[in-house]
Structures are given as C-alpha cells and as structure tokens.
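The values are calculated or read from the model by the stated rules, or taken from the named source; none is laboratory data. Everything numeric in this text was worked out from a predicted model, so none of it was measured. Note: ideal-geometry Cβ built from the backbone for every residue, glycine included; neighbour counts use all protein chains shown. Surface areas here come from the heavy atoms of the whole protein model, side chains and all, with no ligands, DNA or RNA. Shrake-Rupley method; radii C 1.70, N 1.55, O 1.52, S 1.80 Å.
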Amino acid sequence: MREREAYHHGALPEALVAAAVEVLDEQGQEKVSVREVARRAGVSPGAPFRHFADRQALLTAVADHVLADFVRWQEAEVGAAEAAGGSAMRALGLGFVRYAVRHPRRFELVRSRVFTAVRDPELRERLDGMDRVFAGLIVADQRAGRLGPGDPGLVMLSGQAVVYGLAQMIVDGYLPAENAEELAVRVLDTFRQGIANRPEE
C-alpha cells in the first residue's frame, strides 16, 4: 500500500533521495545502496530502478539535493551578513566551512561529484546557476567597496580555493573541528585583507 501510494502521488523519487540522504549522513556514501534506500522508503528492492538507472544515478540525485540544501544555507548566511552590513563573500566562505563541518559526509559526496576533472552533466545547470549567483554577490561587494576591484571569476576561484582547502583540512582531522568557526573567521579575514605589502610609490 505504501509503495502504491508513493507512486500515486509521484513522491517516490523524493522519498528515495530522502532515504539516501539519511544513509549518507549516518554512514557515508559508500554505504548508500539501492536496496537499503528502498527498504527505508518502504518499497520493493526493484522500485527505485523505475526512477534511477543505477546506484550512481541515485547518488547524483542525492548530490543535487545536497547542493540545493547548500544553496539555501548560503542564502541564509548571506542574508544575515547583509542585514548586519557585512560582506557577502565573507559570509559565503564562512557558510561553506560551517556546512562542511556540520555535514562532513555530504561535503565528501559533493567533493567527489563537483571538484573533479569532469562535472556530472546532470549537475551542470545547478552548478552554473550557483556560480552566477556567487559571482553577482562578489560584484555587489566590489561596488559597495567591501572588496577591491578585480575579475569576479578569479576572486571567486581564489576564495573557493581557500575555503575548500580549509574545510577539507578540518573534515580530514588535520585541523580541530572544535575550533573551526574561529579559525575560519581568522583565515577569511586574513584573505580579505591580503598578505602582500603594497609596492612603494
């Protein structure tokens, strides 16, 4: 009955992704199996294959779900920063680290799907949209005088490299997670201020 109701309401793909996210958060992506996801969703083992060709297709859908959640998270971070008159780019960087530390297994999934030589075609539209939004926030910071001039794409890449590396070091245990918030603030402020001496005039 539960399976028939899920099909009737067209909610089975969402239920399967939600179940997969549960397994991901609890045990990591290696333990996300179609059989376990079906069991948690209350459907037969073959039911997921009507919507996802294989396990990799399911993981791609999970990655898309995580990215959507990450975007909402970042929007909240930026909204809070702008309300306080702060920098959107600083909020993006801090939000990135906070999300990775709070959801390390989601971060690892996204890392394996996004920070690769070839991005999943199924994720390209969402990722391109994220890049446009984030670049727009950087331009707004530049116009407001909170950031110096420069190619927004290069500024975004530089900031992304800093926060990605910092987040990975924390998730890997190289840096202590309990100090992640304070450390991220200090690193981001150092990045924004710059570390090079200005040339003499």
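Here are some notes:
- Pairs with Cβ under 8 Å, 6+ apart, first in the range 119-147 and farther than 23 Å from T190 by Cβ, second open to solvent by 50 Å² or more (accessible area, probe 1.4 Å): L127/R119
- Helices (runs of 4 or more DSSP H) fully within the range 48-133 counting 3 or more residues that are small (G, A, S) and out of contact with any strand residue (DSSP E or B) (no Cβ under 8 Å at 6 or more places or on another chain): 55-83, 88-102
- Residues that are at pLDDT below 90, of a type in the set (F, W, Y), assigned to a helix (DSSP H, G or I) and out of contact with any Asp or Glu (no Cβ under 7 Å at 6 or more places or on another chain) occur at least once in the range 187-197.
- Enumeration of residues in the range 140-168 that are loosely packed, with under 15 Cβ neighbours inside 10 Å, part of a helix (DSSP H, G or I) and of a type in the set (A, V, I, L, M): L154, L157, A161
- Sole exception among (1) surrounded by 15 or more Cβ atoms within 10 Å (Cβ to Cβ); (2) under 29 Å from G136 (Cβ atoms); (3) modelled with pLDDT of 90 or more for A76, by number: (1)
- The range 35-61, residues that are in contact (Cβ under 8 Å) with a residue 40 or more places away in the chain, buried (at least 16 other Cβ atoms within 10 Å of the Cβ) and more than 26 Å from R119 (Cα to Cα): V43, A47
- Which listed residue is at pLDDT 95 or above and surrounded by 14 or more Cβ atoms within 10 Å (Cβ to Cβ), from E14, E22: E22
- Residues in the range 105-119 that are surrounded by 17 or more Cβ atoms within 10 Å (Cβ to Cβ) and of a type outside the set (A, V, I, L, M): R105, R106, F107, E108, R113.
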